[in-house]
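Have a look at the structure below before the remarks.
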Amino acid sequence: MQRFLKPHQREVTKILLFVAQATHALVPPEILESVLMTIANNFITERNSSEVMTVGLNAVREVCARAPLAMSETLLQDLVLYKSHKDKGVHMAARSLIQLFRTLNPEMLHKKHRGKPTGLEAEGIADYAALSGRDHISGAEVLNSEEEGEREEGEDGWESASDTDDDSDGEWIDVHHSSDEDVQDEKEKLDSLTAEEKLEKSRHIMQTRILTQEDFARIRRAQLAKKAGIKERRGLKRKSQQTTADELAEISSTNKGDILPYSSIGFTHKKQKTDKASKLAKSQEGKEDRGKYGHREHNPEAGVTNKVKLKAKNFQMVKHKLQKKGKRSFRDKQMSLKKSLLKKGRK
């Protein structure tokens, strides 16, 4: 497969997509490491175009998302440097690779590329063919408080309705609901917990209840809200590029067992080509008050030059002038020289 991984290969983007799709955790890292080196040497070089480099970086990111052990620290340090590339597509692809390893294993990145601590637990890279059994889920501590609040609210509602069925005379019943202040207090309690306390709480939740799809959705929303809060505090300058890079890394880390879309590798950010009408309209901006460009209008009372008059005459009248001014051929020069020599000899 490696001999087909070349930029000039036909449908090479689909071949890279197949390589990433066929990658899984049980493939030996030595084989995948040679594949990554081939992609890096053939695609991610300055001699190629920016689109080729972007496709190569996207392919490396997708392979590493499914088999992180294939990436070496030396190769990662080299690829990360492309985040300062002048092309926007290469820049975003390199940032998405950085964001992926911030989630998987920040220790492989240089200290300046790890970013600020987010409070989110890194997934970590397991050993080859190791069992991935875990006794907790990161972020599961948010479920206990939400579940208790829903249960208390439901119990209060049923009790108030049952107690007041007999005594009520058609009057309104005041039912206590959780306000925004209660939700804020719960968030403050969770934020005040240490990392060890959050770990113990998430383990307790995993041991005492069975999580549903709604519970996993709540954990996911809490993690995304925490990331969004971190981005707002940082005050990022390039929000669109950072958001797109985070989205690409997020897609790579979440779709490990699903079918990869073509856009995950073939995504290249470039400007839309403008048509002729828009270019002309843009060029005319600011030219409204400018005078007409070109020669001045001809004065009908003024005369014309001899050169202009010569163009209007008959060719038979001016051909002798054109013959004198024109360049003679070598044969004509030779004949005229011969005639002049004969005249001189006769004298």
Residue pairs within 8 Å by beta carbon, gap of at least six or interchain, first lying in region 206-225 and closer than 10 Å to Leu143 by Cβ, second surrounded by fewer than 13 Cβ atoms within 10 Å (Cβ to Cβ), listed first then second, are Met206/Asp135
Within region 31-49, restricting to residues that are hydroxyl-bearing (Ser, Thr, Tyr) and either open to solvent by 30 Å² or more (accessible area, probe 1.4 Å) or modelled with pLDDT under 90 (or both), the one that is nearest to the chain's Cα centre (by Cα) is Ser49
So Ser340 clears everything in (1) open to solvent by less than 70 Å² (accessible area, probe 1.4 Å); (2) at pLDDT below 85 except one condition, right? Which one? (2)
When (1) open to solvent by 40 Å² or more (accessible area, probe 1.4 Å); (2) within 18 Å of Phe101 (Cα to Cα); (3) aliphatic (A, V, I, L, M); (4) at pLDDT 80 or above are applied to Ile210, the one that fails is (2)
Check region 228-245 and report whether any residue there is modelled with pLDDT of 75 or more, of a type outside the set (Gly, Ala, Ser) and either surrounded by 10 or more Cβ atoms within 10 Å (Cβ to Cβ) or out of contact with any Ser or Thr (no Cβ under 6 Å at 6 or more places or on another chain) (or both). no
I'd like the residue in region 37-55 that is in contact (Cβ under 8 Å) with a residue 40 or more places away in the chain and assigned to a helix (DSSP H, G or I) and, out of all such residues, is nearest to Gln9 (Cα to Cα). Val52
Test: Gln316 is part of a helix (DSSP H, G or I) and either at pLDDT below 80 or out of contact with any helix residue (DSSP H, G or I) (no Cβ under 7 Å at 6 or more places or on another chain) (or both): yes
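The values are calculated or read from the model by the stated rules, or taken from the named source; none is laboratory data. From a predicted model like this one, the values you see are computed outputs, not experimental measurements. Glycine gets a Cβ as well: all are built from the backbone with ideal geometry, and neighbour counts include every protein chain shown. Note: areas computed on protein heavy atoms with side chains; ligands, DNA, RNA excluded. Shrake-Rupley method; radii C 1.70, N 1.55, O 1.52, S 1.80 Å.
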